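Input: a single structure, listed below in structure tokens.
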Amino acid sequence: MFTGIVEKMGEIAKIETKQGKVYFTIGAGNFLRGVRAGGSISCDGVCLTAVKIAAGSFTVELMPETLRLTKFSRGKTGDSVNLEKSLRVGDYIGGHFVMGHVDAVGAVEKVDQQGADASLTIKVPRKIIKYLAYKGSVSVNGVSLTIGESGKNWFKVYLIGHTLAITNLGKLKVKDKVNIEVDTIARYLESLMKK
């Protein structure tokens, strides 16, 4: 479990396929202090297991299901990746509960720069728009954000300069793909209402 407060931006340094499995090696510098092999790391909002830790980098294995459901199916070396270590009991929670289970891949429709700040309009599959409420929480590439507006197949978020500087959201362009996770509370509410 995570909070959507990005700790570091890493970079995909190497992509390997071995025996049908895909591995990303991600450069992360001093972010890895306290991380052990087997630990969970949020990589652009995807909960992945660090299968190997090296000096300044770690390697994760991506299952076919992960590749199918996330933007990582289009991943390439040099891509920046938002990183967050898993939440520990007693940690400060500054965002919202992010599970690392991506619901859909969205596409950037519009980037509106407003001085040091910006807004992003993101198109998403209609099947998840019902979970995206005005002033509700959403995770975009692992970043906890508040929904400012929404329509039948899109939503808008507003980003301060700090968020743009320390996450890969500041590098996004129109048509770029992003990992979207809806607020887990919305999913549970729907499940309870069906019973």
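Exactly one of (1) under 23 Å from Tyr188 (Cβ atoms); (2) assigned by TED's automatic domain parsing to the domain that holds Ala165 is unmet by Lys123. Its number? Checking Lys123 against (1) under 23 Å from Tyr188 (Cβ atoms); (2) assigned by TED's automatic domain parsing to the domain that holds Ala165, the one that fails is (1). Kindly establish whether Leu87 is surrounded by 13 or more Cβ atoms within 10 Å (Cβ to Cβ), free of Cβ contacts under 8 Å to residues at least 60 places away in the same chain, among the aliphatic types (A, V, I, L, M) and in contact with a strand residue (DSSP E or B) (Cβ under 7 Å, 6 or more places away or on another chain). Taking the combined requirement at face value, the residue does not satisfy it.
The number of residues in the range 63-74 being crowded, with 18+ Cβ neighbours inside 10 Å and either assigned to a loop (DSSP other than H, G, I, E, B) or assigned by TED's automatic domain parsing to the domain that holds Val124 (or both) comes to 1.
Residues that are surrounded by 21 or more Cβ atoms within 10 Å (Cβ to Cβ) and assigned to a loop (DSSP other than H, G, I, E, B) within the range 159-171 comprise just one, Thr167. Note on the range 75-123: residues that are more than 11 Å from the chain's Cα centre (by Cα), hydrophobic (A, V, I, L, M, F, W, C) and in a loop (DSSP other than H, G, I, E, B) total 5.
Would you please name the residue that is surrounded by the most Cβ atoms within 10 Å (Cβ to Cβ), looking only at residues in the range 139-154 that are touching an Asp or Glu at 6+ places or on another chain (Cβ under 7 Å) and either more than 23 Å from Leu69 (Cα to Cα) or not small (Gly, Ala, Ser) (or both)? Once the filter is applied, the top-ranked residue is Asn141. Regarding the range 184-193, can at least one residue be identified that is of a type in the set (S, T, N, Q) and in contact (Cβ under 8 Å) with a residue 60 or more places away in the chain? For the range 184-193, residues of a type in the set (S, T, N, Q) and in contact (Cβ under 8 Å) with a residue 60 or more places away in the chain: present. Regarding the range 24-37, can at least one residue be identified that is modelled with pLDDT of 95 or more, of a type in the set (S, T, N, Q), surrounded by 21 or more Cβ atoms within 10 Å (Cβ to Cβ) and part of a strand (DSSP E or B)? No, the conditions are met nowhere in the range 24-37. From the list Asp176, Asp112, the lone residue that is within 28 Å of Lys85 (Cβ to Cβ) and of a type outside the set (A, V, I, L, M, F, W, C) is Asp176. For the range 160-171, indicate whether the set of residues that are out of contact with any Pro (no Cβ under 8 Å at 6 or more places or on another chain) and modelled with pLDDT under 95 is non-empty. No, the range 160-171 has no match at all. Taking the numbered list (1) buried (at least 16 other Cβ atoms within 10 Å of the Cβ); (2) over 18 Å from Glu181 (Cβ atoms); (3) without any contact (Cβ under 8 Å) to a residue 60 or more places away in the chain in turn, Gly10 passes all entries but (3).
The values are calculated or read from the model by the stated rules, or taken from the named source; none is laboratory data. The structure presented is a predicted model; accordingly, all values stated were derived computationally and were not measured. Using ideal geometry, Cβ is built from the backbone for each residue, glycine included, and neighbour counts are taken over all protein chains shown.
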